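Structure first, commentary second.
The values are calculated or read from the model by the stated rules, or taken from the named source; none is laboratory data. Remember, it's a predicted structure, so these values are computed and weren't measured experimentally. Ideal geometry is used to build each Cβ from the backbone, glycine not excepted, and the neighbour counts take in all protein chains shown. Calculation scope for accessible area: heavy atoms of the full protein, side chains included, ligands and nucleic acids excluded. Shrake-Rupley method; radii C 1.70, N 1.55, O 1.52, S 1.80 Å.
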Amino acid sequence: MIILEIKKAKGAIIVFTLVFGTIFLMLLGALTGFALFQARLSEESIAREMAFQIAEAGLNFARWHLNHWPDNFSFGGEYDFKNPEGEIIGKYRLTVEAPTPCNPGTKIITEGWTLTFPEKKRKIQAIYAKPALTKYAFLTNANVWFGPDEELKGPFHSNGGIRMDGEQNSLATSAKQTYICGPEHGCSPPQEKPGIWGQGEGALKGLWQFPVPPLDFNSITQDLAQLKAAAQGSGLYLPENPLGYHLKFRNNGTVDIYRVTRLKSPVWGYDGNQWIWESNDIDQESFLQTYTLSAFCAPIYVESNVWVEGDYKGKVTVVAAKLPEMPSSLKKIIISGNINMVDNNSALGLIAQKDILIPLYSPDNLEIKAALIAQKGHIFRYYYPKWSFEPYRTYAIRTKIETFGAMATNTMWTFTWVNSQNQVVSGYRTTEMSYNPNLTFSPPPYFPVSGEPEMINWDEIQ
């Protein structure tokens, strides 16, 4: 009886041992599987992060390449990524999209992965672009005077001296330590002045810096032959016409083009050096065509003087120039009416071989929303004397001019003429100049750029 009970107890112990052993092995297997799963997840997470770092390395290589070979965009492809010991542990693939007139930035797409987890890829897109000279509200190669009724919003620079009596909200720079101020800037007799001086509050705000390195205006002048070829290839080319053409932009992305057939009677105007007897105002014209702006942002090249106004939609640059270039036949652009943009994605550039002028019969309140370059002349309104007879009596003095964009002028600039008491005697009584920050990295097509490429956009994409 006692022996039987002992046998039964031993059998129960064996059963319990088997049951609990099985449970333990199951738990151990589960824990081991969970640990392996967690290790795998950790390795995958590390690989995913490493893939991101490899993709970033690809961007760094692309930036290095652009800094050394800015015109070479054929470096796309697959590259090895090595650790400090020289072992290949991953790869990245570069896709490079070269700049275009519509999109001046270089688009880089880089995809990175590790060799251990090649399916765990990370992809980054970035855009590099050189800043355009439209980053300045105003840029000149000559001495300049901003009067008390003139306001500048945005940075401006002169390779000459600056007399600043107006308001400013950004940095003013001059390449001169001192310069000779003449009667045209209210100094009679001529006298030496600091590179920047005047009654403006910019000095107290720390907004005057001089001297600074000069800007090379040769880099601002565009290759007009290249622009002409682009217009003839995919844009609009208008051959020489004795009096010129009139472009009226429309808010639907088109421009109406007129051939000028007669100008108003000539008037006297002073250009800062001499009196000139000429007309810059249209009297009669004939319709020529309606042109739809190029989807490739190709320029409009006019081998004559050209008048511009209207509301523009899209990106385009208008060029007035005659080639081969001769001093006696340089062409100009006349802004005959308001110029406005339909949306912030639009950009208009005006490049004149010589001058960009505001004529005598200009609107009393004038708005110009564009980027302007006068390659060999100036952006200007002549001094029209306020004589007691027409048209001088009505049009010599106007009320207000506003610009939004950028201006670069090689020689003397002004929209306003004052006497020794700072009273306006010709031109616009009030001037407000603002720069458009969107134009810094998205300028009008074919506008000059300078400096090293900068990253203007970064995003991780799927």
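When you scan region 190-202, do you find a residue that is farther than 22 Å from GLY405 by Cα, in contact with a helix residue (DSSP H, G or I) (Cβ under 8 Å, 6 or more places away or on another chain), open to solvent by 10 Å² or more (accessible area, probe 1.4 Å) and not in a strand (DSSP E or B), even just one?
yes
Going through region 384-419 one residue at a time, which ones are out of contact with any helix residue (DSSP H, G or I) (no Cβ under 9 Å at 6 or more places or on another chain), assigned to a loop (DSSP other than H, G, I, E, B), of a type in the set (S, T, N, Q) and touching a residue at least 60 places away in the same chain (Cβ under 8 Å)?
THR411
Which residue out of LEU293, LEU263 is open to solvent by less than 50 Å² (accessible area, probe 1.4 Å) and free of Cβ contacts under 8 Å to residues at least 40 places away in the same chain? Break it down stepwise before answering.
Numbers: LEU293 fails: free of Cβ contacts under 8 Å to residues at least 40 places away in the same chain.
One residue alone meets the criteria, LEU263.
Identify, by number, the condition in (1) out of contact with any Asp or Glu (no Cβ under 6 Å at 6 or more places or on another chain); (2) closer than 30 Å to PRO445 by Cβ; (3) part of a strand (DSSP E or B) that GLY112 doesn't meet.
Going through (1) out of contact with any Asp or Glu (no Cβ under 6 Å at 6 or more places or on another chain); (2) closer than 30 Å to PRO445 by Cβ; (3) part of a strand (DSSP E or B) one by one, GLY112 breaks only (2).
When you scan region 206-221, do you find a residue that is of a type in the set (Gly, Ala, Ser), out of contact with any Ser or Thr (no Cβ under 6 Å at 6 or more places or on another chain) and without any contact (Cβ under 8 Å) to a residue 12 or more places away in the chain, even just one?
yes
State which residue is most open to solvent (accessible area, probe 1.4 Å) when the search covers only region 116-132 and only residues that are of a type outside the set (Ser, Thr, Tyr) and out of contact with any strand residue (DSSP E or B) (no Cβ under 6 Å at 6 or more places or on another chain). Steps first, answer last, please.
First, the residues of region 116-132 that are of a type outside the set (Ser, Thr, Tyr): 117-127, 129-132.
Checking which are out of contact with any strand residue (DSSP E or B) (no Cβ under 6 Å at 6 or more places or on another chain) leaves us with 117-120, 131.
Details: PHE117: 14, PRO118: 55, GLU119: 108, LYS120: 65, PRO131: 10 Å².
Result: GLU119.
If you take the residues of region 451-462 that are of a type in the set (A, V, I, L, M, F, W, C) and open to solvent by 50 Å² or more (accessible area, probe 1.4 Å), which of them is farthest from the chain's Cα centre (by Cα)? Even if it seems obvious, please write down each step before you answer.
Let us first name the residues in region 451-462 that are of a type in the set (A, V, I, L, M, F, W, C), namely 455-456, 458, 461.
From what is left, the residues that are open to solvent by 50 Å² or more (accessible area, probe 1.4 Å) are 455-456, 458.
Details: MET455: 14, ILE456: 11, TRP458: 18 Å.
If we take residues in region 451-462 being of a type in the set (A, V, I, L, M, F, W, C) and open to solvent by 50 Å² or more (accessible area, probe 1.4 Å), then TRP458 is farthest from the chain's Cα centre (by Cα).
Looking at region 441-457 only, could you name the residues that are under 13 Å from LYS135 (Cα atoms) and touching a strand residue (DSSP E or B) at 6+ places or on another chain (Cβ under 6 Å)? Can you show your working first?
First pass over region 441-457, keeping only residues under 13 Å from LYS135 (Cα atoms): 441-444, 447-451.
If the condition is that a residue be under 13 Å from LYS135 (Cα atoms) and touching a strand residue (DSSP E or B) at 6+ places or on another chain (Cβ under 6 Å), then PHE441, PRO443, PRO444, PHE447, VAL449 are the ones that fit.
Restricted to region 93-111, and to residues that are under 21 Å from GLU460 (Cβ atoms) and open to solvent by 20 Å² or more (accessible area, probe 1.4 Å), which residue is modelled with the lowest pLDDT? Before the answer, list the steps.
Taking region 93-111 first, the residues under 21 Å from GLU460 (Cβ atoms) are 93-97, 103, 105-111.
Applying the additional criterion that residues be open to solvent by 20 Å² or more (accessible area, probe 1.4 Å) yields 93, 95-97, 103, 107, 109, 111.
Details: ARG93: 96, THR95: 96, VAL96: 95, GLU97: 94, ASN103: 90, LYS107: 94, ILE109: 96, GLU111: 96.
Checked region 93-111; the qualifying residue modelled with the lowest pLDDT is ASN103.
Confirm whether ALA408 is aliphatic (A, V, I, L, M), in contact with a Gly (Cβ under 7 Å, 6 or more places away or on another chain) and either open to solvent by less than 40 Å² (accessible area, probe 1.4 Å) or at pLDDT 95 or above (or both).
In short, no.
In region 242-260, how many residues are among the polar types (S, T, N, Q) and either modelled with pLDDT under 95 or exposed (fewer than 15 other Cβ atoms within 10 Å of the Cβ) (or both)? Break it down into steps so the answer makes sense when it comes.
Step one: filter region 242-260 for residues among the polar types (S, T, N, Q), giving 251-252, 254.
Retained after the next criterion (residues that are either modelled with pLDDT under 95 or exposed (fewer than 15 other Cβ atoms within 10 Å of the Cβ) (or both)): 251-252.
Residues meeting the conditions: 2.
Does ASP271 qualify as being surrounded by 14 or more Cβ atoms within 10 Å (Cβ to Cβ) and farther than 30 Å from ALA229 by Cβ?
Values: surrounded by 14 or more Cβ atoms within 10 Å (Cβ to Cβ): yes; farther than 30 Å from ALA229 by Cβ: yes.
Against the criterion (surrounded by 14 or more Cβ atoms within 10 Å (Cβ to Cβ) and farther than 30 Å from ALA229 by Cβ), ASP271 qualifies.
Kindly provide the set of residues from region 371-383 that are without any contact (Cβ under 8 Å) to a residue 60 or more places away in the chain and among the aliphatic types (A, V, I, L, M), ordered by number.
Matches in region 371-383: LEU372, ALA374, ILE379.
Do we have any residue at all in region 430-450 that's open to solvent by 50 Å² or more (accessible area, probe 1.4 Å), modelled with pLDDT under 85 and not in a strand (DSSP E or B)?
Here is the first cut: in region 430-450, the ones open to solvent by 50 Å² or more (accessible area, probe 1.4 Å) are 430, 435, 437-438, 441, 446, 449.
Subsequent filtering for residues that are modelled with pLDDT under 85 retains 449.
Narrowing further to those that are not in a strand (DSSP E or B): none.
No, region 430-450 contains no residue that is open to solvent by 50 Å² or more (accessible area, probe 1.4 Å), modelled with pLDDT under 85 and not in a strand (DSSP E or B).
Is it the case that TYR301 is buried (at least 24 other Cβ atoms within 10 Å of the Cβ) and either not in a strand (DSSP E or B) or not acidic (Asp, Glu) (or both)? Full working, then the answer.
Values: buried (at least 24 other Cβ atoms within 10 Å of the Cβ): yes; either not in a strand (DSSP E or B) or not acidic (Asp, Glu) (or both): yes.
Yes; evaluated as a whole, the condition is true for this residue.
Which condition breaks for TYR395 when tested against (1) at pLDDT below 95; (2) open to solvent by 30 Å² or more (accessible area, probe 1.4 Å)?
Result: TYR395 fails condition (1) only.
Among the residues in region 31-52, are any modelled with pLDDT of 60 or more, within 30 Å of PRO131 (Cα to Cα) and open to solvent by less than 70 Å² (accessible area, probe 1.4 Å)? Before you say what the answer is, go through the steps one by one.
Residues of region 31-52 modelled with pLDDT of 60 or more: 32, 42-52.
From the residues that got through so far, the ones that are within 30 Å of PRO131 (Cα to Cα) too are 52.
This time we only want the ones that are open to solvent by less than 70 Å² (accessible area, probe 1.4 Å), so: 52.
Looking for residues that are modelled with pLDDT of 60 or more, within 30 Å of PRO131 (Cα to Cα) and open to solvent by less than 70 Å² (accessible area, probe 1.4 Å), one finds at least one in region 31-52, hence yes.
Answer yes or no as to whether ARG429 is without any contact (Cβ under 8 Å) to a residue 40 or more places away in the chain and closer than 15 Å to ILE358 by Cα. Give the steps one after another, and end with the answer.
On the way: without any contact (Cβ under 8 Å) to a residue 40 or more places away in the chain: no; closer than 15 Å to ILE358 by Cα: yes.
Spelling it out, it is not the case that ARG429 is without any contact (Cβ under 8 Å) to a residue 40 or more places away in the chain and closer than 15 Å to ILE358 by Cα.
Each row is one residue, and each column tells you yes or no for (1) crowded, with 22+ Cβ neighbours inside 10 Å; (2) more than 18 Å from ASN251 (Cα to Cα); (3) basic (Lys, Arg).
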site: ALA321; (1), (2), (3): yes, yes, no
site: SER328; (1), (2), (3): no, yes, no
site: ALA347; (1), (2), (3): yes, no, no
site: ALA352; (1), (2), (3): yes, yes, no
site: TYR361; (1), (2), (3): no, yes, no
site: ASN365; (1), (2), (3): no, yes, no
site: ILE373; (1), (2), (3): yes, yes, no
site: ARG381; (1), (2), (3): yes, yes, yes
site: TYR384; (1), (2), (3): yes, yes, no
